[in-house]
């Protein structure tokens, strides 16, 4: 049985350019701090669970919705589901979380939440995503891990 | 005469003893030699052929068929064939068990040279009446098809005379065929069959039978030995469906229906069928369906993610437009269709908010324009003014730039089709748009404007030259960006070819005039670059070169810049051809003034500052024919040698005179030059001069003619080097460097004597005192230097010399491998690294077992170059030949992880992380799993590396390792 996607024909946006490499990037002596763009680059290419499109192309994640604080070691990512009743919101949030869990140094405290007012059950989703135990439990579920791995495999 | 086949007992034998089947060759021998008549043989078989049991009759027929198969094809005469044919036809009516050998046997019979085509009438009638093809086994069905094909090949006209009964028989026989192999055969056969046989009222029937396979839905099993792929089937089916114009209606309806299906493959197959059908169907047959076809095509072309579908849809549109265009003058349909395409594309373009959407619309138009002259003219006429207007609407910058590109593309297609005259009125405005684009300050606009202008150069009007030149000259003097500078110079060049007089006045004698020095030096240098570039155009050569030579002769302070600009331009082969340089030298004499200038400056300036002068002379001499080169040598050698005796800095002049010579140039001075070079190479205090001397020696050795001349030089070299004092500590490093150059030169020449010198160098690798110099020499041999020993300087470069070096080196090092100390080991491995770095990767792959341990050894040393090369090679092995390193994973992984924290070089960190990624990507999950947890833990610190580039690779590697053996990993094992 093939389930039809929630949002069959989403708007597709242009992909941004790759981060330009500056001479500072090649200078061994300069320390590059984590910035919003770097976090964005980590998650922009995550695949949407429903479409063969990336979160960037669907504008689920945007650079302006990411906050990084190197001093306090915090990263806050808010994402915007394509439609307010998207049933995949939790899954997308979970994918972003797992991706950052694997790709960021452990010193950072990562918060992933739905942008304010973009989803009907915003609070429920945010609560789920903030609950460490529920995340850990979700990652015990083989089927779920498989879907998440497929979403983030190509990054 | 005791053999069984001479007696009636043969029948008994066939029934009860299978062994007789193995003796048919003896029977054939008897028949051919005339001992046995085939009629007698059949008589002897009577018992089995007319046996009551069908099982036995089958055996009998099988035996008979086997005999027929093994008989020479020309043995049977007309009567015999006729007789046997009758017999076989009769047998078709027999029990179903008997039929397979009968069919097989008849197939053989057709091959007999005396087979008369008239025999087949009865056969076919009985076959179609008595045998239900589709209830036979796969092989028997195949045999029936083969028989039909063979008969067609034998006498097509006779079969045609059989009329529609035959065609009907064929259709019935294949109706319902399911086996893919048979289908491929049938489709191939039918492509011609349908074209040749008049189908008459059976056309519809035929189409129904084959169209039920469309679109092919077939999934071959993986272990099929004679695999038929879906593509094979689809590719052979399509030509059948559109083999004759009579199929047109049904075929087009079918493909439109399938285009609307949800299956991706159905769409792709339908599009391919549409493309194929354009070869046979008439334009009129498409007319009623154009609207439906266009709406489907348009939908597929606007697909967002499926590129294959999109490309195929474009191809289909192209084919359709080309087809319809053939009726352009007689029918309204084409025009209406094209109008529809243009309007729909225009609305896509007008609605576009992103470049992707814009390009979607333009791409459709370009495809349609590319398909035929008529469509190209209509689209250019409609779209160029529309796009110009669109540009002026000032939507988004990105879209404006895209619209410029689109105009350029359209123009190019029109130009290619020779339609420029027809659309002249529309395209005259284009340069104006380019001008408004280049007048913007943003780099993107300027680049796009110049690019388009270069494409539409033909229609640039005289009145626009001045404003363009204003912008260009400003760019040339002030642009910081290399891309922009490059394209500006190119644009001036293009305009100059079209309007030489204007550019002469405006640029050469106007804004860029050499006399106009007052401004800052950098702008002056850039103007000189433009001028030297323009000098390659015939109209400008004289004026510019003479001006410049004047400056050089007068020894102005600017001479240095002029020489630099000249040298830069002349070395670009794309701008200055060899003929052009030769012409400049013979018309204006470039070498003499530059040499004079060098003589004056040499004592006061540093060698680096004059390097451009030497390069200019070398490049110019290199472009001249051999006789001219000889003249120059005769003229200048004596003075240069004279001066060189006083101060070896003058050797640089000798070097630039003698390195670029042709191979056949040789004069009496060569020996003296060789002696001087050797002295300088070993004794001079200046590094540059010593290196140049080595280069010259290498060039002389490389280019000397085979035989006497080479022997003479080589012996001289050997005796003079033999007399050197090996104890001199200062001399030894210089000698080793010279050995390197000699080896390189001989190796590239393809001469075997290089071995002698390479042995010396390898020997040095084992000595603690000089081993580092030895590895430097190896580096020199392997490195490609663009300035020396290249084709432009007429050197011999033998094929695969690097491979030869690799092989020889690995043999030679076998000897010293055992007695290496800790000190020499590093140089030894470093030399290996240099060799591996440049050796062709395919060679390494063959020698993996030998190379892999060396590479793994290298990973332990703290030497940046060596680590980079060995990581490179290791990555290569992991990707292309994983078995070579799979046993050493236990050693490799910890070393790579240690290197991922190598503080001295981020390149090493990046490389080692990439290698870890490749390992996770290529090796079997079972091999990797034991290391997974350790690697994941050890990679965590790299995520916090201070360099972002390293972090990116670390993330990639670690994420990949997370997937090892995890659900959702896409890996075949």
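The numbers here are math on the coordinates, done by the rules we state, and not lab data. This is a predicted model, so every value here is computed, not measured. Here Cβ is always computed from backbone atoms with ideal geometry, including for glycine, and neighbour counts include all displayed protein chains.
A compact table of results
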quantity: Neighbour-count order for B:276, B:585, fewest beta carbons within 10 angstrom listed first; calculated: B:585, B:276
quantity: Protection-proxy order for peptides B:126-133, B:190-197, each taking the mean of Cβ atoms within 10 Å per residue, highest first; calculated: B:190-197, B:126-133
quantity: On Cα atoms only, tilt of B:333-351 relative to the major axis of chain B in degrees; calculated: 50 degrees
quantity: Sorted by Cβ neighbour density within 10 Å, fewest at the top, the residues A:79, B:756, B:289; calculated: B:756, B:289, A:79
quantity: Distance (nanometres) between label positions extended 7 Å along Cα→Cβ at residue B:481 and residue B:93; calculated: 9.1 nm
quantity: Cα→Cβ-extended label distance, 7 Å offset, between residue A:120 and residue B:130, nm; calculated: 7.4 nm
quantity: Extension gain from residue B:308 to residue B:573, taking 0.36 nm per residue of separation minus the Cα-Cα distance; calculated: 91.4 nm
quantity: Other protein chain Cβ atoms within 10 Å, averaged over every residue that makes up A:48-59; calculated: 1
quantity: Rounded FRET efficiency, nearest 0.05, which uses the C-beta distance separating residue B:137 from residue B:9 and R0 of 41 Å; calculated: 0.80
quantity: Taking region B:46-112 and dividing mean pair separation by its residue count, relative contact order in percent (alpha carbons under 8 Å, at least six apart); calculated: 41 percent
quantity: Sorted by Cβ neighbour density within 10 Å, fewest at the top, the residues B:171, B:84, B:634; calculated: B:634, B:171, B:84
quantity: Cα extents of region A:34-152 along the three principal axes, largest first (Å); calculated: 35, 29, 27
quantity: FRET efficiency estimate (nearest 0.05) - Cβ-Cβ, residue B:599 to residue A:110, R0 45 angstrom; calculated: 0.05
quantity: Sorted peptide list for B:258-270, B:903-915, criterion being average Cβ within 10 angstrom, highest first; calculated: B:903-915, B:258-270
quantity: Projected area averaged over orientations for the protein assembly as shown, convex hull of C-alpha atoms, nm²; calculated: 63.8 nm²
quantity: Convex hull of Cα atoms in region B:121-202, direction-averaged projection (nm²); calculated: 5.0 nm²
quantity: DSSP-defined beta bridges in region A:34-152 - what % are antiparallel, rounded to 5; calculated: 45 percent
quantity: 14 Å cut-off, amide nitrogen to a point 7 angstrom out along residue B:785 Cα→Cβ, residues in region B:657-676; calculated: B:659-660
quantity: Theoretical gain in end-to-end length, residue B:336 to residue B:204 [0.36 nm per residue, Cα-Cα removed]; calculated: 44.5 nm
quantity: Simple spin-label estimate for residue A:146 and residue B:86 in nanometres, 7 Å along Cα-Cβ; calculated: 7.0 nm
quantity: Between 0 and 90°, nearest 10: helix B:465-478 axis offset from chain B longest Cα axis; calculated: 60 degrees
quantity: Residue-averaged beta-carbon neighbours from other chains (10 angstrom radius) around B:949-960; calculated: 4
quantity: Additional length obtainable on full extension of the chain from residue B:265 to residue B:888, 0.36 nm per residue less Cα span; calculated: 219.8 nm
quantity: log10 of Debye I(q)/I(0), alpha-carbon scatterers only, for region B:288-372 at 0.23, 0.24 Å⁻¹; calculated: -1.15, -1.23
quantity: Cα long-axis angle, helix A:89-103 against chain A (0 to 90 degrees, to the nearest 10); calculated: 30 degrees
quantity: Residues of region B:372-399 with amide N under 14 Å of a point placed 7 Å along Cα→Cβ from residue B:329; calculated: B:373-374
quantity: Normalised contact order of chain B, rounded percent, pairs of Cα under 8 Å and 6 or more residues apart; calculated: 3 percent
quantity: Cα gyration tensor shape of region B:138-297, rounded if a/c is under 1.5, else prolate or oblate by comparing a/b with b/c; calculated: oblate
quantity: Relative contact order for region A:34-152, counting Cα pairs under 8 Å that sit 6 or more residues apart, in percent; calculated: 25 percent
quantity: Per-pair calculated FRET efficiency, R0 = 30 Å: residue A:33 and residue B:474 via Cβ, rounded to 0.05; calculated: 0.15
quantity: Within the protein assembly as shown, percent of DSSP bridges classed antiparallel, to nearest 5; calculated: 45 percent
quantity: Label-zone membership for region B:25-60, site residue B:69, 7 angstrom Cα→C-beta point, backbone N under 17 Å; calculated: B:25-29, B:58-60
